[in-house]
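What follows is a set of notes on a single structure, which appears directly below.
The values are calculated or read from the model by the stated rules, or taken from the named source; none is laboratory data. Treat the numbers as computed from the prediction; the structure is a model and nothing was measured. Positions of Cβ are backbone-derived with ideal geometry, glycine not excepted, and every protein chain shown enters the neighbour counts. What goes into the accessible areas is simple: the full protein's heavy atoms, side chains included, and nothing from ligands, DNA or RNA. Shrake-Rupley method; radii C 1.70, N 1.55, O 1.52, S 1.80 Å.
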Amino acid sequence: MSDRTAIYDTISDLVEPFNKKEIALSEATTFQGDLEWDSLTVMDFVAAIEDDFDIIITMNMQAEIETIGQLVDAVVKLKG
């Protein structure tokens with residue numbers, strides 16, 4: 001299993017408690033459109049991602065990340 005696949009699986013697991021609509025997740029799933037997260041949910045989720053991967057996601061990065069796939073790519077880059 002590649003690092004990217006492992007990161008995707010971990011992120012998917014971290015999304016689940018916040019997935020109130022219980023939608024099927026994919027790389028194209030959007031946080032705002034599909035999951036309908038508000039800013040507080042996003043901040044809680046970002047904190048969970050930062051804690052789990054021991055990284056810092058800047059506000060500028062957060063503004064650019066719209067999908068699960070983009071988040072996976074960002075984590076891969078930050079951990080690299």
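Worth a mention:
Here's the yes/no breakdown for (1) among the aliphatic types (A, V, I, L, M); (2) under 11 Å from the mean Cα position of the chain (by Cα); (3) outside any helix (DSSP H, G or I); (4) modelled with pLDDT of 95 or more:
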{"site": "16", "(1), (2), (3), (4)": "no, yes, no, yes"}
{"site": "36", "(1), (2), (3), (4)": "no, no, yes, yes"}
{"site": "51", "(1), (2), (3), (4)": "no, no, no, yes"}
{"site": "62", "(1), (2), (3), (4)": "no, yes, no, no"}
{"site": "70", "(1), (2), (3), (4)": "no, yes, no, yes"}
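- Close pairs from the stretch 51-63: first in contact (Cβ under 8 Å) with a residue 12 or more places away in the chain and under 13 Å from residue 77 (Cα atoms), partner open to solvent by 50 Å² or more (accessible area, probe 1.4 Å) and part of a helix (DSSP H, G or I), Cβ under 7 Å, at least 6 apart: 53/79; 55/78; 55/79
- Just one of the listed residues (47, 74, 24, 28) is within 21 Å of residue 4 (Cα to Cα), open to solvent by 30 Å² or more (accessible area, probe 1.4 Å) and touching a helix residue (DSSP H, G or I) at 6+ places or on another chain (Cβ under 9 Å), namely 28.
- Residue within the stretch 34-44 that is touching a residue at least 40 places away in the same chain (Cβ under 8 Å), small (Gly, Ala, Ser) and surrounded by fewer than 17 Cβ atoms within 10 Å (Cβ to Cβ) present: no
- Answer residue from the stretch 50-69, given it is within 25 Å of residue 23 (Cα to Cα) and among the charged types (D, E, K, R) and is least open to solvent (accessible area, probe 1.4 Å) among those: 50
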